[in-house]
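A.B. asks: First the structure, which I've put down as structure tokens, then a few questions once you've had a look.
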């Protein structure tokens, strides 16, 4: 009896081990997708391609951009069950008069809602008409009807698709706001300098915003979402002695001019007293008599360094040369002369960017 129990226990352990190995193997090969639907059944939506409204040469390529973007936006929202296109009827509507709701609401599509419309280009403008219909409700099927007209470019075709997707999400998402029109701002060195770039929420449509030829950091958006603060138009180009884009503090005296930024913008907002102390110490240690007095036009040197937990500067380096060796060396020494800025109020380190202009404009 004891032997049989031992054999049974051994078999159970072996089966458990095999199942665990299978699970770990599957997890290593595939992503584990976790979905939260707040206890509600997800709307089953059909998203056929919008029809081409005319034969303009730009209509077909812009329609392709629009259709791909709309599908991806609704799929990325994570709150819909998108009907596979292989289940769609052979005829798709471009106008409400062309809609046969029953063929979309019955199997195999078995959709609850349907989005459809048309896109055409006329006189350099892309014109999109879109509808969202409840195909299970023949008495009052229309949920949404929109028309958009913008410049006929791929970027604007994407923008219209983002807007329409957010409208759909707002109607069907139980109060969830769409993010398809969101912009992400970031710092990139791909142009050779640290500049501010933007992209759509999905990583597409990347564009360079600032073109200072120097260093731009810590992009911020105005509260109303309409402007990058400060705006690129207010940033003075490299060599003209003005502040760069980003939330910089300024350092100005009769003999020189400069500025600085903490890459952790929240740190500067919370610990203004510490930031002021950093500014004072750098200001006291920048000895401009070390700079070649023959310099007449403004030049700018950028220095980047870390402040460690105990307040000492570390990793001091020239982020971008001014083109004047004596100015670069003087700026570096202004940081290297400092033993400590004082113990950090929080965190193990913080990165600081300083710029030094000489002579002041």
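The values are calculated or read from the model by the stated rules, or taken from the named source; none is laboratory data. Keep in mind that what you see is a predicted model, and the values were worked out from it rather than measured. Cβ sites come from the backbone with ideal geometry, for glycine too, and all protein chains shown count toward neighbours.
A.B. asks: Hey, can you tell me all the residues within the range 134-144 that are out of contact with any helix residue (DSSP H, G or I) (no Cβ under 7 Å at 6 or more places or on another chain) and surrounded by 13 or more Cβ atoms within 10 Å (Cβ to Cβ)?
C.D. replies: Within the range 134-144, 134, 137 qualify.
A.B. asks: What residue, among those in the range 165-181 that are in contact with a helix residue (DSSP H, G or I) (Cβ under 9 Å, 6 or more places away or on another chain) and assigned to a loop (DSSP other than H, G, I, E, B), is surrounded by the fewest Cβ atoms within 10 Å (Cβ to Cβ)?
C.D. replies: 177
A.B. asks: Any residue at all in the range 80-94 that's touching a strand residue (DSSP E or B) at 6+ places or on another chain (Cβ under 6 Å), more than 26 Å from residue 41 (Cβ to Cβ) and at pLDDT 95 or above?
C.D. replies: Yes - at least one qualifying residue is present in the range 80-94.
A.B. asks: Shifting gears a bit: With the range 263-361 as the region, which strands (runs of 3 or more DSSP E) entirely inside it contain at least 1 residues that are more than 23 Å from residue 189 (Cα to Cα) and either out of contact with any strand residue (DSSP E or B) (no Cβ under 9 Å at 6 or more places or on another chain) or at pLDDT below 90 (or both)?
C.D. replies: 349-358
A.B. asks: Moving on to the next point. What number of residues in the range 49-59 are under 17 Å from residue 151 (Cβ atoms) and not in a loop (DSSP other than H, G, I, E, B)?
C.D. replies: Total meeting the criteria: 1.
A.B. asks: Determine which single condition residue 117 fails, assuming it passes every other condition in (1) surrounded by 13 or more Cβ atoms within 10 Å (Cβ to Cβ); (2) without any contact (Cβ under 8 Å) to a residue 24 or more places away in the chain.
C.D. replies: (2)
A.B. asks: Something else: Among the numbered conditions (1) modelled with pLDDT of 85 or more; (2) over 30 Å from residue 131 (Cα atoms); (3) not in a loop (DSSP other than H, G, I, E, B), tell me where residue 195 comes up short.
C.D. replies: Just one mismatch for residue 195, condition (1).
A.B. asks: A further question on this structure: Looking at (1) under 25 Å from the mean Cα position of the chain (by Cα); (2) in a strand (DSSP E or B), can you tell me which one residue 203 breaks?
C.D. replies: Exception for residue 203: condition (2).
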